[in-house]
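Reading through the structure tokens given below for one structure.
The values are calculated or read from the model by the stated rules, or taken from the named source; none is laboratory data. The structure presented is a predicted model; accordingly, all values stated were derived computationally and were not measured. Cβ atoms come from the backbone with ideal geometry, glycine included; neighbour counts cover every protein chain shown.
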Amino acid sequence: MSDYNHILPEKRYQADLDNNARIAIIKRDIWIPTKKLDQLFTTIDFMVGSEGRLVNPSMLVWGAGGSGKSAIIERIKHIYSTRDMKINSISAGMNLDSSQLVDLICNSFGISTGAGRQSLDRTTRVFNTVRAENIVALLMDELNDSGLRTLSQQKNSMSLMKFLSGPPCFLSIICFGDLTAAEVLMKDEQIYRRYVHWPLTPWTNDQDFCNFLATYESHLPLKLPSNICCSLGRSRIMKQSFGIMDNVVKIVKCLAYEGVLNGSERMDVDLVNNDVHMLCMRYGEALRRRPGEKQVKLKRK
């Protein structure tokens, strides 16, 4: 076995696994800490569990598709799964049950929303669960997809979120959505001033981006170093990904797949050109369009 000094020590054995095992490893999503997001997690830690306040502070993290919201949500859930203070979470997006926001919230606390005695006095039951399990925040994903479709739903959802952050529950509401969700919250002055608005911006070609690429490479089971964080690699990946987190990760993964399967055992930045979309398609990955770029409509002949 080579020294594989370009790979994290605890993962170096993976470079000697067979191709199928290594491809399976590359497919996995991993969390890479970055300065870009460190302050977000610090702010959330500072907000949750506030005591002696009439209304607890809340936050809306918003960004375009592919900006990394889902990864951030999973990281928050992972962090608080091992702490005394707990966070409940819901996905407010469309689902097979077409549940309303109030149903999703109650279900996250184990409270039935059907007919009968179990549906009575939900506020008391939510409060009792919050106190018994030391729940300090409610994490809401895809706020823009549920509860914000009509003006009436917007008002109901805003009132519900306002209620949860005050007595008796005192939960910090941490929402994730897109620009639509941000614009809706801005319509209500009381809601707007209760929420920290945290935009997720695209990458720029800086040292943080360089560190991200270098760290990602250290997790991959390739036998040879690739140095994709070099000036050429960074510039090409930035250009073809438009700085969109989802695109960056897909390009890196597809370069790694190619390095394993073609036997080169490295990621070749020369493949990051105008045909990188074809490389990604070959491995079942679709890159997002440049922000603001309109979809091309195909004409029928």
Would you call Met161 modelled with pLDDT of 80 or more, out of contact with any Lys or Arg (no Cβ under 7 Å at 6 or more places or on another chain) and either assigned by TED's automatic domain parsing to the domain that holds Ile105 or surrounded by fewer than 21 Cβ atoms within 10 Å (Cβ to Cβ) (or both)? yes
Report the residue count in the range 247-276 for those that are assigned to a helix (DSSP H, G or I) and over 25 Å from the mean Cα position of the chain (by Cα). 7
Restricting to the range 1-54, name every residue that is touching a helix residue (DSSP H, G or I) at 6+ places or on another chain (Cβ under 6 Å), surrounded by 10 or more Cβ atoms within 10 Å (Cβ to Cβ) and farther than 28 Å from Cys210 by Cβ. Asn19
For residues in the range 110-144 being touching a Lys or Arg at 6+ places or on another chain (Cβ under 7 Å) and assigned to a loop (DSSP other than H, G, I, E, B), which is modelled with the highest pLDDT? Asn134
Considering only residues that are part of a loop (DSSP other than H, G, I, E, B), of a type in the set (Val, Ile, Thr) and farther than 21 Å from Glu74 by Cβ, which ones fall in the range 1-59? Ile7, Val55
Meets criteria (under 30 Å from Leu261 (Cα atoms), part of a loop (DSSP other than H, G, I, E, B), at pLDDT 85 or above and of a type in the set (D, E, K, R)) for Lys239: no
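Conditions (1) in the same structural domain as Ile174 (by TED's automatic domain parsing); (2) farther than 16 Å from Glu265 by Cα; (3) of a type in the set (Gly, Ala, Ser); (4) in contact with a Ser or Thr (Cβ under 9 Å, 6 or more places away or on another chain), marked per residue:
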{"site": "Ala15", "(1), (2), (3), (4)": "no, no, yes, yes"}
{"site": "Phe41", "(1), (2), (3), (4)": "yes, yes, no, no"}
{"site": "Phe46", "(1), (2), (3), (4)": "yes, yes, no, no"}
{"site": "Glu51", "(1), (2), (3), (4)": "yes, yes, no, no"}
{"site": "Ser58", "(1), (2), (3), (4)": "yes, yes, yes, yes"}
{"site": "Gly63", "(1), (2), (3), (4)": "yes, yes, yes, yes"}
{"site": "Gly66", "(1), (2), (3), (4)": "yes, yes, yes, no"}
{"site": "Ile73", "(1), (2), (3), (4)": "yes, yes, no, yes"}
{"site": "Ile79", "(1), (2), (3), (4)": "yes, yes, no, no"}
Just one of (1) without any contact (Cβ under 8 Å) to a residue 24 or more places away in the chain; (2) outside any loop (DSSP other than H, G, I, E, B); (3) surrounded by 15 or more Cβ atoms within 10 Å (Cβ to Cβ) trips up Cys229, so point out which. (2)
Where in the range 175-220 are there helices (runs of 4 or more DSSP H), lying wholly inside it, with at least 1 residues that are outside the structural domain of Leu164 (by TED's automatic domain parsing)? 207-217
So which of Val276, Val249, Val260, Val296 ends up being crowded, with 20+ Cβ neighbours inside 10 Å, modelled with pLDDT under 95 and either over 23 Å from Arg22 (Cα atoms) or not assigned by TED's automatic domain parsing to the domain that holds Gly63 (or both)? Val276
